[in-house]
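Each value in this text was obtained by applying a stated rule to the coordinates, not by laboratory testing. Remember, predicted model here, so these are calculated numbers, not experimental data. Cβ sites come from the backbone with ideal geometry, for glycine too, and all protein chains shown count toward neighbours.
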Amino acid sequence: MSKRWFQAHQRDTWRRQARSKGYRARSAFKLKQIQEKFNLIREGDLVLDVGCHPGGWTQVSVEETGPNGLVIGIDLLASAPVEGAQMVTGDVTDSNSQQRILQLLHDGMKVDGTRLPEPLAGEQRLFNTIVSDISPRLTGQYDRDQAISLELVAMVFDFTLPLLTPGGAFVTKIFQGTGIEGIVNAAKQRFSRVQRFSPDASRNSSSEVFLVCKNKLPRPKKGSGGKSVAYELDRHLESEGIIQPKTEDVESEIKSGFRRIPKKG
Ligand SMILES: C[S@@+](CC[C@H](N)C(=O)[O-])C[C@H]1O[C@@H](n2cnc3c(N)ncnc32)[C@H](O)[C@@H]1O
């Protein structure tokens, strides 16, 4: 039995199961297995699903939060509506998409169609959990795909973490290989617990692994130097001799495209 045949067979098995349970993608089982082990999404949580198309993870997020939760999905590709969730079509690193996410968070429409209570004066509504299965369009050249994916993951951290509440959880897909430690180290500066996990639904089928980060710290540890995850990743890649050091240190603060929406009234 060839390895390739075995992998294809495994994928078909998960696909069939997904179809029989009404999930749009076999990847739904990856989040279900992450959830079984780490209990990241709790009832009533506010969840952001990054790279959500066609909506398998969004369906699981809606199930897990229940009627009192709020689920927003974002993807470059348009997805058919998922009952109870709100879907944004666009690039998560683009400021227009970010403003749309902020607006939906601010509006606070719950899974059951009613609205969350207004946050207290001076407080901003934030997500409890961010789940990201984001993946670039793969070229088939592993090293290239892996490098692009690392950069994308770093951007997702930088663009979405300001919207995650302290104590909140974050999970992202990441492809194993050169430079991954740069992301893991950066995550450890921002969360008290960071673990790699390979759910059965993805084991044997690819080199992907999920980075599960729990308990976001109120502020990054000193080791981050107040820089962004993308910046820390670059420094790691330089120290490993993978990229050339930049001549000028151009970045001085954490970058995020998210702007806060002023409270009404
Ligand atoms: C593996 S798929 C996600 C599958 C999804 N979790 C599910 O269960 O249905 C990865 C997705 O990441 C999306 N993606 C890649 N780059 C993106 C970006 N910059 N902004 C938003 N989505 C992106 C792709 O369009 C793709 O649909």
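Here are the numbers for this structure:
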item: Size of electric dipole in the chain: Cβ of Lys, Arg +1 and of Asp, Glu -1, about Cα centre, debye, nearest 20; result: 640 debye
item: DSSP-defined antiparallel bridges as percent of all bridges, the range 3-239, nearest 5; result: 40 percent
item: Violating pairs (Cα-Cα greater than 24 angstrom) within the set 21/216; 173/227; 30/216; 173/216; result: 21/216
item: Estimated FRET transfer efficiency (residue 221, residue 181; beta-carbon r; R0 25 Å; 0.05); result: 0.95
item: Calculated FRET efficiency for the pair residue 112/residue 16, C-beta based, R₀ 25 Å, to 0.05; result: 0.20
item: Gain on full stretching of the segment that runs from residue 200 to residue 37 - 0.36 nm per residue minus C-alpha separation; result: 57.5 nm
item: Cα-based equivalent ellipsoid of the range 3-239: semi-axis lengths in Å, sorted from largest, via gyration tensor; result: 26, 24, 16
item: Relative pair counts by distance (%), Cα atoms of the range 95-141, 10 Å bins; result: 19, 41, 24, 11, 5, 0
